[in-house]
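The block underneath contains the structure these notes are about, expressed in structure tokens.
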Amino acid sequence: MQAWHSTKSKISRWLYDKSSFQRDTLSIEHVRGIGGWLRFLFCVLLPTLRIAFLPMKNLLLFLLLWGATTASEAQTTAPDPNRMTLVIHGGAGTITRANMSPEKEQAYRTVLNQALQTGYAVLKKGGTSLDAVQATIQVMEDSPLFNAGKGAVFTHEGRNEMDAAMMDGRTLKAGAVAGITVVRNPITAARAVMDQSEHVMLAGVGAEQFAREKGLTIVEPSYFYTEARHQQLEKALAAEKSAGTPDQLNAPTKAEVSPVKKAKTKLKPGKAQGAVPYEDQIFTEGRKYGTVGAVAVDQYGNLAAATSTGGMTNKRYGRIGDAPIIGAGTYADNTTCAVSCTGWGEFFIRATVARDVAARMEYQQIPLSQAAQATIDKVGKMGGDGGLIAVDRQGNITMPFNSEGMYRGYIKADGNSQILIYKD
């Protein structure tokens, strides 16, 4: 008898403890068919609740509310391969046809297509939107063409400090890292923070220690060295010295937009001597916010967003932009949309751009494209420039920007894709 009372007490505590009663634990998917539902109701749930001495009116109310919730969830999460969509960007800025050689353009299109196809393969196999955006970002992080991972720009002190973030639209969980220097793929660190910690953002040496403990790939800082990016820093430092003021947030100077000459700087110790694909095709015209991003909706209707960046050339004092800040450069919510931004981070932070798109959809009840364009217009009026990519649960996409160009592309459920670079 004592054992029975103990068991009954445990059942009662379980029923009243909200933290132990998650919607995902008891889903209508676990009870298939009317017969299964009735058997579960009368043979399991009712006896259990009666044992716990719940009043009958509370029991009925609970069943009604729970049944309605799970039925609604089942309807909105039914697999539908036709809504699978992936959208990417590789940065926005002064990207024009006049200054882009055919060879450079082809190099960028090739890697952007590779990124799209990689993420699409994940979605087509039934993978989640989270896995798809992570795989997509890693392709761009591994390429020197983009200001993220391997192609990250240099700080004023000559380091490569990277930021990244990821958000799950289904649960609203998020993870981010900032100012890391030794994690080969920063997006993997952001994912680890989201999935394997109680935190949202980790920074600097702490984030790197966390990455090591989680078994992520660690490299020497010299892995991120590229001649073209180092030349960008040298030009920025020269322009800064000439002007007598910090140049990292000013308009591009004549020195900055001049062709990149053969670097005199020797490779740093530990730098691999083998050729890196497309390293000689890095586009360094003026201001280019080379952040990379991806947003996706999978066949289950779940949204995800991911963003990764090396920040701004010649940045100082541990500067962090919008990319790793949830709601500024990265955001996802199944009820509205998933967003990844690229541009002048300070303005995107102040305007909470990523969240603003979702908020306009939620509160103004306007379509995704209208919400995104209104938000980019707001950034422009503030004096900032850049762009964003976004997708909703139905697979509708938008890619607005107010700069000269933005590397961007998308792929739909049927495999049809498009890659764009310029404004026209």
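Read-outs throughout are calculated quantities, based only on the coordinates presented, and are distinct from any laboratory measurement. Please read these numbers as outputs of a predicted model, since none were measured by experiment. With ideal geometry, Cβ positions are generated from the backbone for all residues, glycine too; neighbour counts draw on all protein chains shown.
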Could you give the radius of gyration (one decimal) and Dmax (whole number) of the Cα atoms in segment 161-216, in Å? 10.0, 31
Please work out the Cα center distance from segment 347-372 to segment 160-222, rounded to the nearest Å. 26 Å
The pairs in K124/K150; K150/K241; K125/K412 lying past 23 Å Cα-Cα in this model are K124/K150; K150/K241
Cα→Cβ-extended label distance, 7 Å offset, between R212 and A121, nm: 3.3 nm
Dimensionless Rg over Rh [segment 336-424; C-alpha; Kirkwood]: 0.97
Could you compute the FRET efficiency for T96 and R159, with r as their C-beta to C-beta distance and R0 at 35 Å, rounded to 0.05? 0.70
Express in % the proportion of alpha carbon pairs of segment 111-192 at distances exceeding 17 Å. 49 percent
Among the trypsin sites (Lys or Arg not before Pro) in segment 303-347, which ones are in a DSSP loop with at most 14 other Cβ atoms within 10 Å of the Cβ? Mind listing them? R316
FRET efficiency (Q370, D195; Cβ distance; R0 22 Å; to 0.05) is 0.05
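Give, in nm to one decimal, the length gained when the segment between V219 and N82 is fully stretched (0.36 nm per residue of separation minus the Cα-Cα distance). Write down the numbers at each step before the final one.
Details: separation 137, 0.36 × 137 = 49.32 nm, distance 3.96 nm.
Computed gain between V219 and N82 is 45.4 nm.
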